[in-house]
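Participant: The structure under discussion is supplied below as structure tokens; questions concerning it will follow.
Bear in mind that the values in this text are calculations on the coordinates, not laboratory data. Note that the coordinates shown come from a computational prediction; the quantities given were computed from them, not determined experimentally. Backbone-built Cβ (ideal geometry, glycine too); neighbour counts: all protein chains shown.
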Amino acid sequence: MRIPRRMVLSAAVISALTAVAALAAPVDTVESHLAAAKAAAGFDFSGTLARVCIAPQTGPGRDVAPGPAPDRSTYITDPAKVFDNLYFVGTKFHSSWALTTSDGIILIDTLYEYASDEAIVGGLKKLGLDPANVKYVIISHAHGDHVGGAKLMQDRFKSRIVMGAPDWESIEKSVNQYPNGKPKRDIVGADGQKVTLGDTSVTLVTTPGHTPGTLSMIFQVKDRGRPLTVAYSGGTAFNFVNDVPHFDIYINSQRKMAAAAASAGATVLISNHSEFDNAVTKIRLMVARKPGEPHPFEVGREAVARYFKVTDECAQVARLKLL
Ligand SMILES: [Zn+2]
């Protein structure tokens, strides 16, 4: 069959225009967001990529009592001085960070209840720090692996506990998750609020998504006297109600924190699970650090931005799968 020349031309024009339009339009497919997430993760954030882009997602945890403590050898690791004024007192999986100031200690997160006495109280003592000097405890969010030791710090050391309002409410509503008692409601952390102790401030950035009250943070540390800015990401995995509105909230928070990190000039990315920031591995690397070599946690502004690109893109992957 002969096709009129005019028709062939117009078909070619249409196909060319379509190709141009495809180039100009943002590509919005599961594959394109997965590719963007993989590119952003590189070798730095493979654990985050695996958890939020690759592993099957889960829904929110149920209101049940915590399971029995695992054998201590499976989670205990050495505490460590990581920066001049920031100490790791976490486990192999979960991080608790002690930020020392001119007037005491700000502790970030408190692990599972079973780990908190040995890893935090014992860890601080091993490092020559007095747990009684912990004046503030900032809880990234009210899941058992971060809030477990809050009651201990409140009861034993009279530390003030800072947490997002919705997460205080979730603790108060819980029937079964706190068989040994709940931390009493204390300071409600608000967006932009500064938790100040002596010469040091931690700026809170509310990043709802992982939980409704998730708190991320910006603060300064010193590496051999050199000030560096830390972006602390307070909630990562998708174990919340998996629907479009929840993913929209999560995605907005990743972008909000990326912007906060960029405007603060953050070059260090810290999280609350070693799975996400390789904290325990990096602490091991510090032993081999020679004078003049970069600090393993100082990844640079570009990599900090890529971290939040991974969580943003992976959330878009999960969101698109719902449509
Ligand atoms: Zn959590």
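Participant: Starting from 0.36 nm per residue, how many nanometres of slack lie between Val175 and Ser46 once their C-alpha separation is accounted for?
Facilitator: Numbers: separation 129, 0.36 × 129 = 46.44 nm, distance 3.63 nm.
Contour length minus the Cα-Cα distance gives 42.8 nm.
Participant: Antiparallel versus total DSSP beta bridges in the stretch 186-323: what percent is that, nearest 5?
Facilitator: Values: 17 of 20 bridges.
Antiparallel bridges: around 85 percent, rounded to the nearest 5.
Participant: What list of ³J(HN,Hα) values in whole Hz, one per residue of the stretch 77-83 in order, does the Karplus curve 6.51 cos²θ - 1.76 cosθ + 1.60 (θ = phi - 60°) give from phi, with Gly and Pro shown as x?
Facilitator: 9, 6, x, 8, 7, 9, 10
Participant: Pull up the DSSP beta bridges for the stretch 96-245 and report the antiparallel fraction as a percent, rounded to 5.
Facilitator: The antiparallel fraction comes to roughly 70 percent.
Participant: How high is the relative contact order of the chain, in percent, counting Cα pairs under 8 Å that sit 6 or more residues apart? Can you show the working numbers first?
Facilitator: On the way: 613 pairs, mean separation 64.7, N = 323.
About 20 percent, as a whole number.
Participant: Applying the Karplus parametrisation 6.51 cos²θ - 1.76 cosθ + 1.60 with θ = phi - 60° to the phi angles of the stretch 173-181, what ³J(HN,Hα) value in whole Hz is obtained for each residue in order, glycine and proline being reported as x?
Facilitator: 6, 4, 9, 10, 7, 10, x, 9, x
Participant: Need the C-alpha centroid separation for the stretch 258-280 versus the stretch 75-153, integer Å.
Facilitator: Comparing the Cα centres of the stretch 258-280 and the stretch 75-153, I get a distance of 18 Å.
Participant: Quick one: which residues, 5 or more positions from Ser95 or on another chain, have an amide H under 5 Å from its amide H? H modelled 1.01 Å from N in the peptide plane, none for Pro or chain starts.
Facilitator: His273, Ser274
Participant: Right, here's the next one. For the chain, modelled as a GNM with alpha-carbon contacts under 10 angstrom, which of Gly235, Gly42, Gly61 fluctuates the most?
Facilitator: Gly61
Participant: From the phi of every residue in the stretch 230-238, what ³J(HN,Hα) in whole Hz does the Karplus formula 6.51 cos²θ - 1.76 cosθ + 1.60 yield, where θ is phi - 60° and glycine or proline is x?
Facilitator: Values per residue, Gly and Pro as x: 9, 9, 10, 9, x, x, 10, 6, 9 Hz.
Participant: Now, a different point. How much of the DSSP bridge set in the chain is antiparallel, in percent, rounded to the nearest 5?
Facilitator: Percentage antiparallel, nearest 5: 70.
Participant: Could you calculate the contour length gain from Ser32 to Thr58, that is, 0.36 nm times the residue separation minus the distance between their Cα atoms, to one decimal place in nm?
Facilitator: 7.1 nm
Participant: Using Cα springs under 10 Å in a Gaussian network model of the chain, which residue among Glu172, Glu293, Glu31 shows the largest mean-square fluctuation?
Facilitator: For the chain, modelled as a Gaussian network with Cα springs under 10 Å, the answer is Glu293.
Participant: Hey, with R₀ at 41 Å, roughly what FRET efficiency would Thr281 and Lys158 work out to, going by the Cβ-Cβ distance, to 0.05?
Facilitator: Numbers: r = 35 Å, r/R0 = 0.85.
With a Förster radius of 41 Å, E is 0.75.
Participant: Using modelled amide H (1.01 Å from N, peptide plane; none on Pro or chain starts), what sits under 5 Å from the amide H of Gly209, excluding residues fewer than 5 places away?
Facilitator: Amide H neighbours of Gly209, under 5 Å, 5+ apart: Thr214.
Participant: If amide H atoms are built 1.01 Å from N in the plane of the peptide, which residues on other chains or at least 5 residues away come under 5 Å of the amide H of Ser201?
Facilitator: Gln220
Participant: Treating the beta-carbon of each Lys and Arg as +1 and of each Asp and Glu as -1, no other charges, what is the dipole magnitude of the chain about its Cα centre, to the nearest 20 debye? If you can, show how the numbers build up before the last one.
Facilitator: Values: 35 positive and 31 negative charges, 139 e Å.
Once rounded to the nearest 20, the dipole reads 660 debye.
Participant: Need one number: nm distance between label points at Ala262 and Thr196, each 7 Å from Cα along Cα→Cβ, rounded to one decimal.
Facilitator: 2.9
Participant: Please list log₁₀ I(q)/I(0) at q = 0.09 Å⁻¹ for the chain, using the Debye equation with identical point scatterers on the alpha-carbon positions.
Facilitator: Result of the Debye calculation: -0.48.
Participant: Cut-off under 12 Å on the C-alpha distance; same-chain residues fewer than 8 positions from Lys81 excluded. Which aspartates and glutamates are left, in chain and number order?
Facilitator: Once the sequence-local aspartates and glutamates are set aside, what remains near Lys81 is Asp223.
Participant: Picking from Ala261, Ala132, Ala98, which is most flexible by a Gaussian network model of the chain using Cα springs under 10 Å?
Facilitator: Looking only at Ala261, Ala132, Ala98, the biggest GNM fluctuation is shown by Ala132.
Participant: With no solvent and one equal point scatterer placed on each C-alpha of the stretch 129-215, evaluate the Debye formula and give log10 I(q)/I(0) for q = 0.15, 0.16, 0.18, 0.22 Å⁻¹, two decimals.
Facilitator: One equal scatterer on each Cα of the stretch 129-215 leads to -0.53, -0.61, -0.76, -1.10.
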